[in-house]
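Asker: A single structure is presented below for examination.
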Amino acid sequence: MPKTPSYPKCRLFFLPATSLESDPVTRISYSIASRCAIATALLALVAACGHQPDPAVTRGAPYDPYEQSNRINHERNKKLDRAVLRPVSTGYSAVMPDVAETGISNFATNLSLPGAMVNSALQGNGVGLTSDFYRFLVNTTVGLGGLIDVATELNMPARTDADFGQTLYTWGVHEGPYVQLPLIGPSTSRAVGGRVVDIFTNPLGYWIQDPESYYAVGTRVSKGMTARTRYSGAIDSVLYESADSYAATRSLYLQNRRFKLSGGGTGDMLDPYDTTGGAPAGTAVSADFEDPYDQ
């Protein structure tokens, strides 16, 4: 019987066969390189769409070509919220002391700041980068790892919450069609691309190893449940008391997202479904109507 030829295992040509397994520094470097390559490819794909006319800007109404499938996902998300998310979040907040909930939410927010700093740098926002850096430094040291939001108590500048979707907006990438994603909720094609790239842009993701990385995920889940309970009145009003909860959710998301991206809102950033004419430019959105999905 002829021998079946054997082939070497696929590996980086410049690394020894065992280096990825034995050398933690090499393993981390390879992880960073591979993630950067994926992020670069996704960025090139999303940026290529920016050369086309932006239907979301040229139309007088939200660009929603996938409305039929979006409505299906919206109804599924409502059923999931009613059956699981709302009762679990309510029960979680009922048994957790307020101090603990606030501390965990603060901790999760603090972990997100390095990613916001990277995006501020990509946007050329030196002021935002500096303010987030000092906020992260103060809360991580004086605030016991971020459990206490000392920076806010010291009246330091508010965090930027910069994300890669905002970076794409700064670079001129168009908003794209509105989409309703399973579990995640309302978004746009630009924001979806931003969410994917944001997985790779937070430097802490490369240094926090297992099992600590699971703790970080747990704090984000806890923060989401706390937010679901905190804004329960506004969320329930939109989802369960609106004549058309899908249109109301779409309107609320686009209004708040465009308001954030425009740095305070201008006339062309107002909600196209707002028949009252909207608030004057520069007027802050009420905390009661913050985007419940923008956490």
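The values are calculated or read from the model by the stated rules, or taken from the named source; none is laboratory data. From a predicted model like this one, the values you see are computed outputs, not experimental measurements. Neighbour counts are summed over all protein chains in view; Cβ atoms, including those assigned to glycine, are modelled from backbone coordinates with ideal geometry.
Asker: Could you check the range 189-295 for helices (runs of 4 or more DSSP H) lying wholly inside it with 1 or more residues that are modelled with pLDDT of 85 or more and within 22 Å of Gly115 (Cβ to Cβ)?
Answerer: 189-201, 204-207, 212-230, 245-261
Yes or no, residue by residue, for (1) assigned to a helix (DSSP H, G or I); (2) small (Gly, Ala, Ser); (3) touching a helix residue (DSSP H, G or I) at 6+ places or on another chain (Cβ under 7 Å); (4) closer than 23 Å to Asp161 by Cα:
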| position | (1), (2), (3), (4) |
| --- | --- |
| Pro87 | yes, no, no, no |
| Thr102 | yes, no, no, yes |
| Asn106 | yes, no, no, yes |
| Ala116 | yes, yes, yes, yes |
| Leu122 | yes, no, yes, yes |
| Gly128 | yes, yes, yes, yes |
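Asker: Filter the range 187-209 down to the residues that are more than 30 Å from Tyr66 (Cα to Cα) and among the aliphatic types (A, V, I, L, M) and list them by number. Talk me through it step by step, then tell me what you get.
Answerer: Of all residues in the range 187-209, those more than 30 Å from Tyr66 (Cα to Cα) come to 202-209.
Passing the criteria: Leu204, Ile208.
Asker: Got a sec? Which of Tyr206, Tyr178 is touching a residue at least 60 places away in the same chain (Cβ under 8 Å) and touching a Pro at 6+ places or on another chain (Cβ under 6 Å)?
Answerer: Every option except Tyr178 fails the conditions.
Asker: Turning to a different aspect of this structure: Name the residue that is farthest from the chain's Cα centre (by Cα), counting only residues in the range 160-219 that are charged (D, E, K, R) and farther than 20 Å from Asn106 by Cα.
Answerer: To start, the set of residues in the range 160-219 that are charged (D, E, K, R) comprises 161, 163, 175, 190, 195, 198, 210, 212.
Imposing the further condition that a residue be farther than 20 Å from Asn106 by Cα reduces the set to 175, 190, 195, 210.
On the way: Glu175: 15, Arg190: 12, Arg195: 5, Asp210: 22 Å.
Among them, the one singled out is Asp210.
Asker: Within the range 175-182, does at least one residue satisfy the condition of being assigned to a loop (DSSP other than H, G, I, E, B), more than 30 Å from Glu75 (Cβ to Cβ) and in contact with a Ser or Thr (Cβ under 8 Å, 6 or more places away or on another chain)?
Answerer: Checking the range 175-182: not a single residue is assigned to a loop (DSSP other than H, G, I, E, B), more than 30 Å from Glu75 (Cβ to Cβ) and in contact with a Ser or Thr (Cβ under 8 Å, 6 or more places away or on another chain).
Asker: Might you check whether a residue that is part of a helix (DSSP H, G or I) and more than 29 Å from Ala248 (Cα to Cα) occurs anywhere in the range 155-171?
Answerer: There is no residue in the range 155-171 that is part of a helix (DSSP H, G or I) and more than 29 Å from Ala248 (Cα to Cα).
Asker: Is it true that Glu175 is buried (at least 20 other Cβ atoms within 10 Å of the Cβ) and over 19 Å from Asn202 (Cβ atoms)?
Answerer: In short, yes.
Asker: Looking at the range 190-201 only, could you name the residues that are crowded, with 20+ Cβ neighbours inside 10 Å and either out of contact with any Leu (no Cβ under 7 Å at 6 or more places or on another chain) or more than 22 Å from Tyr253 (Cα to Cα) (or both)?
Answerer: Step one: filter the range 190-201 for residues crowded, with 20+ Cβ neighbours inside 10 Å, giving 190-191, 193-194, 197-198, 200-201.
Answer for the range 190-201, where residues must be crowded, with 20+ Cβ neighbours inside 10 Å and either out of contact with any Leu (no Cβ under 7 Å at 6 or more places or on another chain) or more than 22 Å from Tyr253 (Cα to Cα) (or both): Ala191, Asp198, Phe200, Thr201.
Asker: Is it the case that some residue within the range 69-85 is in a helix (DSSP H, G or I), of a type in the set (Asp, Glu) and within 15 Å of Gly185 (Cα to Cα)?
Answerer: Yes, some residue in the range 69-85 is in a helix (DSSP H, G or I), of a type in the set (Asp, Glu) and within 15 Å of Gly185 (Cα to Cα).
Asker: Since Leu154 meets every condition but one in (1) surrounded by fewer than 18 Cβ atoms within 10 Å (Cβ to Cβ); (2) touching a residue at least 24 places away in the same chain (Cβ under 8 Å), which condition does it not meet?
Answerer: (2) is the only condition that Leu154 fails.
Asker: What do you reckon, is Asp132 among the charged types (D, E, K, R) and in contact (Cβ under 8 Å) with a residue 40 or more places away in the chain? Don't jump to the end; show me each part of the working.
Answerer: Numbers: among the charged types (D, E, K, R): yes; in contact (Cβ under 8 Å) with a residue 40 or more places away in the chain: no.
Here the answer is no, as Asp132 does not meet what is asked.
Asker: So which residues in the range 183-208 are aliphatic (A, V, I, L, M) and closer than 29 Å to His74 by Cβ, if there are any at all?
Answerer: If the condition is that a residue be aliphatic (A, V, I, L, M) and closer than 29 Å to His74 by Cβ, then Leu183, Ile184, Ala191, Val192, Val196, Val197, Ile199 are the ones that fit.
Asker: Considering only residues that are in contact with an Asp or Glu (Cβ under 6 Å, 6 or more places away or on another chain) and not acidic (Asp, Glu), look in the range 160-175 and name the one that is nearest to Asp132 (Cα to Cα).
Answerer: Ranking the qualifying residues of the range 160-175, first place goes to Thr160.
Asker: Six or more apart or on different chains, Cβ under 7 Å: which pairs go from a residue in the range 91-104 that's of a type in the set (A, V, I, L, M) to one that's surrounded by 10 or more Cβ atoms within 10 Å (Cβ to Cβ) and part of a helix (DSSP H, G or I)? Could you list them?
Answerer: Short answer, once both residue conditions are applied: Ile104/Thr219; Ile104/Ser222; Ile104/Lys223.
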